[in-house]
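Novice: A single structure is presented below for examination.
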Amino acid sequence: MPSFENSAKAIIKPNRFSTKDWTIQEFSLNELVTIEDVVTELKLQQLEDMVVIVNGRVIENFEQRLQRNDQIIITPKIEEPLTAISLIAGGLGLAGLALEVTALTIAGAVLSFGVAIYSALNRPKLKNRGNQDESSPTYSWQGIQTLQEQGIVLPILYGTHRVGGNIINQFVGLDNNDSYLNILLGLCCGEIDSVRDIKINGNSIDNYTDVEFDIRQGTNDQTSISGFESIHVNTPFGNVLDLSQKWTTQTIDEIDSFTVSLVFESGAHYYQGQSTHDIHATYTLRYKLASATDWEEEERTLTLFSTQSISRSHTVSVPTRGVYDVEIAYNDELTYGDRKEKLTLEETQNIDAKHTLNYKMSITNLRESIDEDLSYPNLALLGLKIKGTDQLSGTAPNITAVVNGKKIYAPRVTDENGLLVPWDAYYWDPVDEVYKDLEDDEEYYFDGTFDYQYSGNPIFCLRDLLLNKTYGLGDFLKEEDLDLSMYLELSRYCEEKMSDLKGGFEKRFVLNCVLDSPSTAPDILTQLSAVFRGLIFYAQGRIVLRIDKEDTPVQMFSMGNIIEGSFSQNWKSLREKYNQIDVSFLDEDKNYEQEVISVIDEESLSNGDPLRKQEVRVFCTKASQALRLGHVALAQAKFLNQTVSFKASIEAVSCSVGDVISLSHDVPSTGISGRVKDWTSPYLTIDQDFNYDSAKSYTVYVRTETDTLFSSEVVLKSGTSDIVEVQDLVSFSASVSDPYTIVETTINIKPYRIISITRSSNNEVEISAIEYNETVYDESGLALPTSNYSTLNVEIPMVTDLASDERLVLNKDGSISSVVDVSFSKPILTANSLNPYISAKVFFQVKDTEDWIFAGETYGQRLTVQHDFKEFAIYTFAVVTVSTIVQMSIENAPKSECEILGKTAPPSDVKNFNVSYSPVQLNFKWEPVTDIDLKSYEIRELSSPSYSWETGVAILTNLKDTSASFYDLTARTYFFGIKALDTSGNYSENITTSQITVTKIYEQNIFKDFDEDIFLDLSYAQTESVYVEDCFRNVFKKKQVVKTENTWDSGEYDSGLTYDIPTRTPSLEETWDLRDSGFVTKEDTLRTSIKWDSDNTYDTSLTFDDPIEVNEDLLWVTDIIDIGEVRKAKILTRLEVATEFSGHFDIFISTGETEESMAEYVLFAPGEYTLQFARFKLVPRNADDSFFGAKFKIAFDLPDKEQTKLDEYYDGINATIVTLDQVYEEVKTLVVTSSTTNLTAVVDKSDLPNSFSVELVNASDVKTQGEFGYFLKGY
């Protein structure tokens, strides 16, 4: 057919509701052309099955000639009735599919960007869902939370998101004295791609020690996580057992094993005044089936020593599943110490105030375990075993992780080697129509195949939800109900390359969401569609998707194909013309915390328009995507104000929901306005005369006080009148004083987007459409702001006066640790503050590192941060404001630095140190040092008035009180110094001194005294040889061996070694135990077999055990001292230094009533001891000298004893013998007095200290009967 200027356009539509496979062809009209000519030219077959539409009208007469610019549409006839088409968006209903699905009800006035902005006056209002969804553990304002609840929704995770999960198994296990929290989390439905970035209470799992975790991806055949193969039921108890009690219980369920938790709240030890021992606690655990009579028993002995709480556990695997009786009881006796001496029940109940016994055992918990195959198929799992630390004290931890979510059916994009390319690594290039690498534009391949893989493409995520039978609509929809090619086409638009507004690139639309609370199908589909500006509707038995994007019109409607009287139009109210859109989302760059981006029409606000704000929440986690969505939504609010509706013949419709159409109809132009005086349907009385022109048509508009706009065409008249007759008798309404406008109607052509098509019973369809404006989709010029997107951004108030100061605290064990007090001033709240301060979260990091650690939240102005701070490290503290809407980012928060110095300062100096002398001792007093880390005081005797602390000899150490006594042996002048000692081993910086001169030695009851010469080679610690020195002692109390410097040689000692001749001849073969000797460690013992020849010479075959490792802990041990019998005596010591010595000595003592029962060494303190045997150990401290020599003196001072009697009788013949009723070493005073007048007592003391005799005589020395009394004092 020849080409001419004038032409008509023919469109062949094989499917009138799809643009796919449409054919467009132009025809010349310079000749007379009929419709039949066009059909013949196109060579169409079976024309009887087709319908021809010209300019929107169905044509039956094919002889009709075409005019210039006519549009001809040829499409199949609709044989079946058209299915109702209802839009699923912006709150419109989904016909027949109001089903409960596992999905999240989004907070706010859910704005689906593609449709909700199409607000028409006559459309249903959305249900108000409030400002947030409190039921969601992901999207509530409390942040992402870990739950422990039954009957909750199993989350579905599309894309990538942080989740808290639900605790489905939890128990506390014990390993030695360490407790471990075992938690199994159900994360979301599987199969997922991966789990990463695990956090505990907001802190990276890498910041915790002794943490183990394992992951299951939610496959159908996954195995259970180790440690969680059983169901655990915990029952708490509070029973406390001593030797007289037992605990019994019965399990709740039929079990396979059980674990009893045992706690010694006060620790376990036995303190005897001079020494502290460990406890050996033996108990018996019995168990039996509840229906049985015979018990099974397990006996266990716990050796414990601690002043702090101790935890243990006892686990039993029972032979047969069932309900069990369980019983625990101590055995009859308790033992303590290395020799395991026994304590009976009566003895444990009669411990005096000077002794401490802690052994009572608390039963705190019974954990019942039932073995099951707990693999939880199709549920992604995270199992953790976390050691209990101060970081985990208090409530159950909040555990979150970033999950690459559910694997879905998506295109299989591969590289040149056929390997699958990760979904987030490529994009779709619409120009070259190929998938390319997002970084370097390398081309990838797609051969049309699909498989299950990780993808955040919202189109295929939505398809998964629609088809899934477990949590979606799979019971109602089939794969053939969803056109896979259509979904692929739309998915590619979502994957086009966009700027991430930070210098990189990203995909246009990504769905990152967690569906974890119930919702109806229309609601959740609407909310998911908002992520990609989607329109979803049901048409001809299929779920159809469209994306609200730039399009070209597919059909034109005019007065010719619009059914007369069906056309109506509406405008949004002023309230719906938003000039600020607040987009709320969880920001992946800010640890998935709530973030709000505000997009504002600055022009509207600068013109003085009031703020009209709409808040929305979307399922994206990128600020750039939220900004783009908000930008389009604001443009729609600004430019799309009018909706129209009209009816057309069903045969004239060749378009679908979401299509852009051209519309030609009478629309308003200009006119007059005023106020309504009266309304009586159909007559509107106005406040002025209106001059009608019968050649024109008019439309009247009335806006009510509720901001509702009504319109109607005016019945044509001629002349002038103040009464207007309206044509719309159904929907038009008005009231007195409402503003009105009457305008002339003119002809105009305008594009609209169809938002719904519904069919009526008379083969007509009603079409609703909204204005279309391509400028809405212009996303150029966008930029991410630092905080918000307008000069009217709501500022997040910052705290002021921030300071972080180190403070030392005393721990329970007496050690000192550093805490940091973070203090600040709250922001000053203003009356117009839209973002008021609520609380502050404190974070800290080692300076210039990446990881921030959450320290805590406070509603006050101070927070004490406890952590294992490292000395001399610098820490940065950030205080993050939490407001009613949003939380400030750490990057923008005010910060303060604190250098941790630790315990470097010495304790305070001692003040007012005084010494005085009482009859038998020196008494010291001083003021207390109030440092929290004070450990003790130490007093040294100084060598001279120069008061050198380093050369002083420690005479009293480990003093806890502010007074002490010292028992000296000579009369002379003494110089003393005192310092405080802290728990870190630091002394006071300055010595505090005092002196006294003792001129008279008061009588003491010294009945035993010893002295021993000491010589130590302190240079030994720096040598590599092992010496046998003269400080060795042996069990035969031989004085010493010869000093030698021979070394070990292949395990045999040098045969040249000789010994002094023993003071007593041993048997021919005896074992010497050379223990606690110089140049061996405190813990090691050196044993060897000594063989003596008959002539007492040394046998050269002597061999030694393996060499002993030598350290710097040199010491001196005295012989065992025997005072003859068990006595109570004061022990006095003195160390007279013979050589210059820069350090000091710690003196330890071991005592016992028998040599075999001698206790462990304890730090010596002058005072009374009950003993027969004693041994001393001297350990040098801080010595810089090579040699040390001294004389060590020990004396035993017995206490005075008295005896008095007043009525002894003398018969005048034989002397009265008085036998003392106590044993005395010496009687120092005996006074005998006659009770009979004029008689004198004659005393014979020759048998003292055992007895004495008395006779009474008169003035003539004649023995005379009578009575006498006596007073005796001694020791």
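Novice: For the subset of the range 177-230 comprising residues that are of a type in the set (G, A, S) and outside any loop (DSSP other than H, G, I, E, B), which member is farthest from the chain's Cα centre (by Cα)?
Specialist: Taking the range 177-230 first, the residues of a type in the set (G, A, S) are 179, 186, 190, 194, 202, 204, 218, 224, 226-227, 230.
After this cut, where a residue has to be outside any loop (DSSP other than H, G, I, E, B) as well, the list is 179, 186, 194, 204, 230.
On the way: S179: 17, G186: 17, S194: 21, S204: 8, S230: 25 Å.
The qualifying residue farthest from the chain's Cα centre (by Cα) is S230.
Novice: Of everything in the range 615-645 that's in contact with a strand residue (DSSP E or B) (Cβ under 9 Å, 6 or more places away or on another chain) and of a type in the set (K, R), which residue is surrounded by the most Cβ atoms within 10 Å (Cβ to Cβ)?
Specialist: Here the answer is R617.
One line per residue, one yes/no per condition, for (1) modelled with pLDDT of 85 or more; (2) farther than 30 Å from V51 by Cα:
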site: L586; (1), (2): yes, yes
site: S606; (1), (2): no, yes
site: A635; (1), (2): yes, yes
site: K638; (1), (2): yes, yes
site: A652; (1), (2): no, no
site: S664; (1), (2): no, no
site: I672; (1), (2): no, yes
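Novice: Sort out which residues of the range 277-301 are in contact (Cβ under 8 Å) with a residue 40 or more places away in the chain and either under 17 Å from K246 (Cα atoms) or among the β-branched types (V, I, T) (or both), and write them in order of number.
Specialist: Quick first cut of the range 277-301, residues in contact (Cβ under 8 Å) with a residue 40 or more places away in the chain only: 277-287, 290.
Across the range 277-301, the qualifying residues are I279, A281, T282, Y283, T284, L285, R286, Y287.
Novice: Right, here's the next one. What residue, of Y427, Y471, Y445, Y409, is in contact (Cβ under 8 Å) with a residue 60 or more places away in the chain, surrounded by fewer than 20 Cβ atoms within 10 Å (Cβ to Cβ) and either over 23 Å from Q527 (Cβ atoms) or within 38 Å of the chain's Cα centre (by Cα) (or both)?
Specialist: Result of the check over Y427, Y471, Y445, Y409: Y471.
Novice: Here is a check on your reading of the model: is L511 among the aliphatic types (A, V, I, L, M), more than 27 Å from N641 (Cβ to Cβ) and in contact with a Phe, Trp or Tyr (Cβ under 9 Å, 6 or more places away or on another chain)?
Specialist: On the way: among the aliphatic types (A, V, I, L, M): yes; more than 27 Å from N641 (Cβ to Cβ): yes; in contact with a Phe, Trp or Tyr (Cβ under 9 Å, 6 or more places away or on another chain): yes.
Yes; evaluated as a whole, the condition is true for this residue.
Novice: Restricting attention to the range 1250-1268, report how many residues are under 12 Å from D1211 (Cβ atoms) and part of a loop (DSSP other than H, G, I, E, B).
Specialist: So the answer is 2.
Novice: In the range 541-597, which strands (runs of 3 or more DSSP E) lie fully inside it and hold 3 or more residues that are β-branched (V, I, T) and closer than 20 Å to S756 by Cα?
Specialist: Working: elements: 542-547, 555-557, 568-571, 580-587.
Those strands (runs of 3 or more DSSP E) span 542-547.
Novice: Only residues in the range 645-667 that are farther than 21 Å from S711 by Cβ count as the first member; pair them with residues that are at pLDDT below 70 and part of a loop (DSSP other than H, G, I, E, B), Cβ under 6 angstrom, at least 6 apart or cross-chain, and list the lot.
Specialist: Filtered contacts from the range 645-667: I650/L82; A652/G56; S654/K13; S654/R16; S656/F17.
Novice: Still on this structure, I have one more. Out of the range 231-246, which residues are assigned to a strand (DSSP E or B) and either aliphatic (A, V, I, L, M) or at pLDDT 90 or above (or both)?
Specialist: Taking the range 231-246 and keeping what is assigned to a strand (DSSP E or B), we get 231-241, 246.
Answer for the range 231-246, where residues must be assigned to a strand (DSSP E or B) and either aliphatic (A, V, I, L, M) or at pLDDT 90 or above (or both): I231, V233, V240, L241.
Novice: Still on this structure, please answer the following. Those residues that are among the acidic types (D, E) and modelled with pLDDT under 90, I need them from the range 1227-1275; list them, please. Please lay out each step first, then the result.
Specialist: Of the range 1227-1275, the ones among the acidic types (D, E) are 1244, 1247, 1255, 1261, 1267.
Across the range 1227-1275, the qualifying residue is only D1261.
Novice: Additional query: Which number in (1) at pLDDT below 85; (2) surrounded by 15 or more Cβ atoms within 10 Å (Cβ to Cβ) marks the one condition that T259 misses?
Specialist: Tallying (1) at pLDDT below 85; (2) surrounded by 15 or more Cβ atoms within 10 Å (Cβ to Cβ), T259 fails exactly one: (1).
Novice: Right, something else. For the range 220-242, state whether one or more residues are aliphatic (A, V, I, L, M) and more than 30 Å from E327 (Cβ to Cβ).
Specialist: Filtering the range 220-242 for residues aliphatic (A, V, I, L, M) gives 225, 231, 233, 240-241.
This time we only want the ones that are more than 30 Å from E327 (Cβ to Cβ), so: 225.
Checking the range 220-242: at least one residue is aliphatic (A, V, I, L, M) and more than 30 Å from E327 (Cβ to Cβ).
Novice: Within the range 319-370, considering only strands (runs of 3 or more DSSP E) that don't extend past its boundaries, which have at least 2 residues that are under 43 Å from the mean Cα position of the chain (by Cα) and in the same structural domain as S257 (by TED's automatic domain parsing)?
Specialist: Strands (runs of 3 or more DSSP E) meeting the threshold: 324-330, 334-336, 356-358.
Novice: Could you say whether any residue in the range 713-726 is over 19 Å from I686 (Cβ atoms), in contact (Cβ under 8 Å) with a residue 12 or more places away in the chain and not hydrophobic (A, V, I, L, M, F, W, C)?
Specialist: The initial filter retains those residues of the range 713-726 that are over 19 Å from I686 (Cβ atoms), namely none.
No: the range 713-726 contains no residue that is over 19 Å from I686 (Cβ atoms), in contact (Cβ under 8 Å) with a residue 12 or more places away in the chain and not hydrophobic (A, V, I, L, M, F, W, C).
Novice: Out of the strands (runs of 3 or more DSSP E) lying entirely within the range 677-780, which hold 1 or more residues that are exposed (fewer than 14 other Cβ atoms within 10 Å of the Cβ) and at pLDDT 85 or above? Step through it out loud before you land on a result.
Specialist: Details: elements: 683-692, 698-703, 709-713, 719-725, 739-759, 764-771.
Once the strands (runs of 3 or more DSSP E) in the range 677-780 are filtered for at least 1 residues that are exposed (fewer than 14 other Cβ atoms within 10 Å of the Cβ) and at pLDDT 85 or above, what remains is 683-692, 719-725.
Novice: Output the number of the condition that L611 fails; it satisfies all remaining conditions of (1) of a type in the set (A, V, I, L, M); (2) assigned to a loop (DSSP other than H, G, I, E, B); (3) surrounded by 19 or more Cβ atoms within 10 Å (Cβ to Cβ).
Specialist: (3)
Novice: Would you say Y592 is in contact (Cβ under 8 Å) with a residue 12 or more places away in the chain, of a type outside the set (A, V, I, L, M) and at positive phi? Show your work before the answer.
Specialist: Numbers: in contact (Cβ under 8 Å) with a residue 12 or more places away in the chain: yes; of a type outside the set (A, V, I, L, M): yes; at positive phi: yes.
Taking the combined requirement at face value, the residue satisfies it.
Novice: Just a yes or no: is a residue in the range 449-456 outside any strand (DSSP E or B) and within 34 Å of the chain's Cα centre (by Cα)? Walk me through it before giving the result.
Specialist: Residues of the range 449-456 that are outside any strand (DSSP E or B), as a first pass: 455-456.
From the residues that got through so far, the ones that are within 34 Å of the chain's Cα centre (by Cα) too are 455-456.
Yes, that holds for at least one residue.
Novice: Look at the range 316-346 and say how many of its residues are hydroxyl-bearing (S, T, Y) and exposed (fewer than 15 other Cβ atoms within 10 Å of the Cβ). Outline the logic, then answer.
Specialist: Within the range 316-346, the subset hydroxyl-bearing (S, T, Y) is 317, 320, 324, 330, 335-336, 344.
If we keep only those that are exposed (fewer than 15 other Cβ atoms within 10 Å of the Cβ) too, we end up with 317, 320, 344.
Selection size over the range 316-346: 3.
Novice: Taking N990 and the conditions (1) under 24 Å from S943 (Cβ atoms); (2) at pLDDT below 80; (3) in contact with an Asp or Glu (Cβ under 6 Å, 6 or more places away or on another chain), which numbered condition does it fall short on, given that it satisfies the others?
Specialist: Of everything listed in (1) under 24 Å from S943 (Cβ atoms); (2) at pLDDT below 80; (3) in contact with an Asp or Glu (Cβ under 6 Å, 6 or more places away or on another chain), N990 misses just condition (2).
Novice: Please verify whether the range 918-934 includes one or more residues that are surrounded by fewer than 16 Cβ atoms within 10 Å (Cβ to Cβ), without any contact (Cβ under 8 Å) to a residue 24 or more places away in the chain, of a type in the set (V, I, T) and under 17 Å from L808 (Cβ atoms).
Specialist: Yes, the range 918-934 contains at least one residue that is surrounded by fewer than 16 Cβ atoms within 10 Å (Cβ to Cβ), without any contact (Cβ under 8 Å) to a residue 24 or more places away in the chain, of a type in the set (V, I, T) and under 17 Å from L808 (Cβ atoms).
The values are calculated or read from the model by the stated rules, or taken from the named source; none is laboratory data. Only a predicted model underlies this, so the values are computations on that prediction, with no experimental measurement involved. Glycine gets a Cβ as well: all are built from the backbone with ideal geometry, and neighbour counts include every protein chain shown.
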